[in-house]
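Before any comments, here is the structure.
The values are calculated or read from the model by the stated rules, or taken from the named source; none is laboratory data. On a predicted model such as this, the values are computed, not experimentally measured, just so you know. Don't worry about glycine lacking a Cβ; one is built from the backbone with ideal geometry, like all the others, and counts go over all protein chains shown. These accessible areas exclude ligands, DNA and RNA; they are computed on the full protein's heavy atoms, side chains included. Shrake-Rupley method; radii C 1.70, N 1.55, O 1.52, S 1.80 Å.
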Amino acid sequence: MRNDFQNLVLDELLHIANGESRVTEQMIEEEKDDSYKEVLVALLELSEDIKFKKKESELIIEELNKQKRKAEMATKAKAEFLSMISHEIRTPLNAIIGIGHILAHESPSQDQMTYIQNLRWSGDNLLAIINDVLDFNKIEAGKVNFESTPFNIRHSISGVLESMRMKANEQNCKLIKSIEDNLPDFLIGDPTRFIQILNNLVSNAVKFTMNGTVRLDAQYRSIDETMIELEVNVSDSGIGITEDKLTQIFEHFSQADSKINRKFGGTGLGLTITKQLIELQGGEISVESELGVGSNFKIVIPFKLPNEFEIRERQAASTNYLDLSLKGASVLIVEDIAVNRLVVEKFLAEWEVSTDFAENGMEAINKVIAGKFDLVLMDLQMPVMDGFIATSEIRKLPRNKYRNLPIVALTAASISEVSSEVFDAGMNDIVSKPINPAELFRTIAKFVKQGSENCSKQNIINDPNDMISEQEGSDLKFNYIKKLAKGDQSFLKKVLHLSIKAFEEFLKEYSTNLLADDFEQLSNTRHKIYSSINNFEIKELMKLMKESKQSFVKNNKNHDLYGFKIEHLKNVENATIEIIKKLQLEIADMELIEA
């Protein structure tokens, strides 16, 4: 090959590699040597082929990006749907849990206390399961965080079966438990996830078993000094599953037969989540079943074994909080809603804890610098500065006491939704709303040095927040506020006066924000009034707030909304004015009695 042609070929290959070409039709025609001409033709075809492939690849990548965006939107929509449904379920569930607390302190008989304990156990675990539904996407992606703490395996198993006892009785279904004698009492793992797994399996077994037996057997498959493989079998004498359907029952939204959904209900998610939770912990699940005879689900999960120190520490942590005292502790309550501050103060006053207040994060920083507190209760959503930023700024202050100051988040959101952000900001723990007084006490007690005096049982009170009843009507109900006041008329009047002020400010802000189409501020206004609505169980106004949340959103392009907006605002004004009048009448009645 002549040198000039060889150089041309090498130069052309470099240009082709860079997406260019210098060979032309004219160069091919002018070439006299047929063999060289073939090389040039091949180079031109190669260049054209690469250009075509590149364009084709770009189109494929563009299409893949489109599909990726669609998938991301679908995933987001699913997550938002699960979040919305879970929130709607949490509202009545919070009422159930709260009523359980109230009933437990109304001097029930022993039989009644058994039912109340089952109610509270079921409510607490249902709330945990609902929060887990919010983690569904994380479960699918294998991004679930598992706790690693010592827990009593026997208590967990017994608790699950006791919570199912009433349903089993309705089904005329006998529950049988068998735990191997030499199974260790304590294992290290995630008790909430373990209870969720057992709940799913046992509730399924009970649901599909009429006039039969459900049996739970627990033993170990293998054990050494540090690890154990726990084996649990949940068997029933229920309707059973056909062999060809056994592989489908662990699939998303799938049940063995469509008739089952119509007859027994269910989403078809339970076994899917159960299988993934087990496998993410390094375990396995299998099933054997025969139609009309029954089913047996076997799970095997590895757990660590705790040492004696960890067992003693766990036993100490589970000590009844009534044996402890917070007397003399100093707590800063950071909360922008006055009624919420008053409720938390009532809890702490019962435990002889001194309190101070801040209405936003900026004020909290100044209070922390100026005062001396054993702990800070930090709301997350506040004007001026939220709880996340305030905590981060406190941690940056140039003294060790600010870095070591216990800060506990208060939130109405699902803990799983905010936990990573809470701990990233530097907070030490989370207490969810509605506040469970026992949980609040235990959380504070973890960080505050204990005194010598005991809290009495009478000091445990229930937080009335989120206690919307299912009764119809717009009348105010004072049951929870009066229960909280425990005969303290000055406290009750203070709550009523603060509530009147809250509703007056709400009406002014709500009207201004809605007429200005400031939907972001409208959302904040709704958030601020929810506690007051819940305190008095005002169902009519809660319905209007739900209507507002669904109808008035940012970037709403519905031009026919104006008439509906005016009608909605009129209803809100009428309802709020009526509420204010009734609160004023209640205060007047109290003052008349006092006179």
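A Cβ distance below 6 Å, combined with a sequence gap of six or more or placement on separate chains, defines the contacts here; from region 210-223, residues that are crowded, with 16+ Cβ neighbours inside 10 Å reach residues that are assigned to a strand (DSSP E or B) and basic (Lys, Arg) in the pairs Thr213/Lys174; Leu216/Lys177.
Yes or no: Leu230 surrounded by 15 or more Cβ atoms within 10 Å (Cβ to Cβ), in a helix (DSSP H, G or I), touching a residue at least 60 places away in the same chain (Cβ under 8 Å) and touching a strand residue (DSSP E or B) at 6+ places or on another chain (Cβ under 7 Å)?
Taking the combined requirement at face value, the residue does not satisfy it.
Out of all the residues in region 366-391, which are touching a strand residue (DSSP E or B) at 6+ places or on another chain (Cβ under 6 Å) and open to solvent by 20 Å² or more (accessible area, probe 1.4 Å)?
Of everything in region 366-391, those that are touching a strand residue (DSSP E or B) at 6+ places or on another chain (Cβ under 6 Å) and open to solvent by 20 Å² or more (accessible area, probe 1.4 Å) turn out to be Lys367, Phe373, Asp374.
Quick check: is even one residue across region 392-401 surrounded by 16 or more Cβ atoms within 10 Å (Cβ to Cβ), touching a residue at least 24 places away in the same chain (Cβ under 8 Å) and not in a helix (DSSP H, G or I)? Within region 392-401, not a single residue is surrounded by 16 or more Cβ atoms within 10 Å (Cβ to Cβ), touching a residue at least 24 places away in the same chain (Cβ under 8 Å) and not in a helix (DSSP H, G or I). In the condition set (1) modelled with pLDDT under 75; (2) part of a loop (DSSP other than H, G, I, E, B), Glu147 is compliant with all but (1).
Only a single item in (1) open to solvent by 10 Å² or more (accessible area, probe 1.4 Å); (2) within 18 Å of Asn428 (Cβ to Cβ); (3) at pLDDT 90 or above; (4) among the hydrophobic types (A, V, I, L, M, F, W, C) is not met by Leu332, and it is number (1). The test for being at pLDDT 90 or above and in contact with a Phe, Trp or Tyr (Cβ under 7 Å, 6 or more places away or on another chain) does not hold for Gly159. Of all residues in region 299-329, count the ones that are among the charged types (D, E, K, R) and either under 13 Å from Ile444 (Cβ atoms) or at pLDDT 80 or above (or both). Result for region 299-329: 2. Here region 534-557 is the region considered, the condition is being in a helix (DSSP H, G or I) and free of Cβ contacts under 8 Å to residues at least 24 places away in the same chain, and the residue that is least open to solvent (accessible area, probe 1.4 Å) is Met545. Being open to solvent by less than 50 Å² (accessible area, probe 1.4 Å), in contact with a helix residue (DSSP H, G or I) (Cβ under 9 Å, 6 or more places away or on another chain), at pLDDT 70 or above and part of a loop (DSSP other than H, G, I, E, B) is a condition met by no residue of region 87-99.
Selection within region 341-365: residues that are closer than 13 Å to Ile389 by Cβ and hydrophobic (A, V, I, L, M, F, W, C). The member of this set that is surrounded by the most Cβ atoms within 10 Å (Cβ to Cβ) is Ala364.
All of Val368, Val344 fail the test of being within 22 Å of Tyr530 (Cβ to Cβ), part of a helix (DSSP H, G or I) and not charged (D, E, K, R), apart from Val344.
Can you tell me which residues in region 479-531 are open to solvent by 40 Å² or more (accessible area, probe 1.4 Å), over 30 Å from the mean Cα position of the chain (by Cα) and among the hydroxyl-bearing types (Ser, Thr, Tyr)? Of everything in region 479-531, those that are open to solvent by 40 Å² or more (accessible area, probe 1.4 Å), over 30 Å from the mean Cα position of the chain (by Cα) and among the hydroxyl-bearing types (Ser, Thr, Tyr) turn out to be Ser490, Thr512.
Among the conditions (1) surrounded by 13 or more Cβ atoms within 10 Å (Cβ to Cβ); (2) modelled with pLDDT under 80, the only one that Ile579 does not satisfy is (2).
Checking each residue in region 268-301 for being more than 13 Å from Leu201 (Cα to Cα), open to solvent by 40 Å² or more (accessible area, probe 1.4 Å) and part of a strand (DSSP E or B) picks out Glu284, Glu288, Glu290.
Pairing each residue of region 31-50 that is over 14 Å from Asp11 (Cα atoms) and charged (D, E, K, R) with any residue that is outside any helix (DSSP H, G or I) and open to solvent by less than 60 Å² (accessible area, probe 1.4 Å), provided the two are 6+ apart or on different chains, yields C-beta distances under 7 Å for Lys37/Glu31.
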